[in-house]
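Working notes, beginning with the structure itself.
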Amino acid sequence: MERLSKGAQAFRIALLCVERDPVNCHRALLVGRELERLGACVLHIHQDGGLEAHGEAPRRLARTLRLSDAERNGADLINVACAKQEERVAYRADQEHPVR
């Protein structure tokens, strides 16, 4: 994180993965959230070339998972949505292959 933050002061940096949707990318779920917390402007580039602000991706994920703001406050809603998705896309030593 320190290297990314330092590099971003002098360069435009792109972290790439093969996922079509940022909510299925562990970089977005883990690194993107932390970079945004540190004050970085994080944008996701979609297949069609459109950009999505990082903050919108977890909100979209919460809607996809059918989590509602009425059940939780905004920050908790995002944390719950991301935790559920992290369980789905993250590597686990007890699995031969991650769930997709």
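A compact table of results
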{"read-out": "Residue list for the range 13-28, restricted to those being closer than 16 Å to Ala53 by Cβ and of a type outside the set (A, V, I, L, M, F, W, C)", "value": "Asp21, Pro22, Arg27"}
{"read-out": "Yes/no for Val18 being of a type in the set (Val, Ile, Thr) and in a helix (DSSP H, G or I)", "value": "no"}
{"read-out": "Enumeration of residues in the range 1-54 that are among the small types (Gly, Ala, Ser) and within 20 Å of Lys84 (Cα to Cα)", "value": "Ala28, Gly32"}
{"read-out": "Residue in the range 60-75 that is within 18 Å of Met1 (Cβ to Cβ) and surrounded by fewer than 16 Cβ atoms within 10 Å (Cβ to Cβ) present", "value": "no"}
{"read-out": "Residues of the range 19-37 satisfying the condition of being in contact with a Cys (Cβ under 6 Å, 6 or more places away or on another chain) and among the hydrophobic types (A, V, I, L, M, F, W, C)", "value": "Cys25, Leu29"}
{"read-out": "Any hit, the range 86-97, residues being part of a loop (DSSP other than H, G, I, E, B) and either modelled with pLDDT of 85 or more or among the basic types (Lys, Arg) (or both)", "value": "yes"}
{"read-out": "Breaking point among (1) within 25 Å of Ser5 (Cα to Cα); (2) at pLDDT below 85, for Ile45", "value": "(2)"}
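Let's see how each residue does on (1) free of Cβ contacts under 8 Å to residues at least 24 places away in the same chain; (2) in a loop (DSSP other than H, G, I, E, B):
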| residue | (1), (2) |
| --- | --- |
| Arg3 | yes, no |
| Lys6 | yes, no |
| Arg12 | yes, yes |
| Val23 | no, no |
| Glu34 | no, no |
| Ala40 | no, yes |
| His44 | yes, no |
| Glu52 | no, no |
| Ala57 | no, no |
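The values are calculated or read from the model by the stated rules, or taken from the named source; none is laboratory data. Here the structure is a predicted model, which is why all the values come from computation and not from measurement. Reconstructed Cβ throughout: ideal geometry from the backbone, glycine too, with neighbour counts over all protein chains shown.
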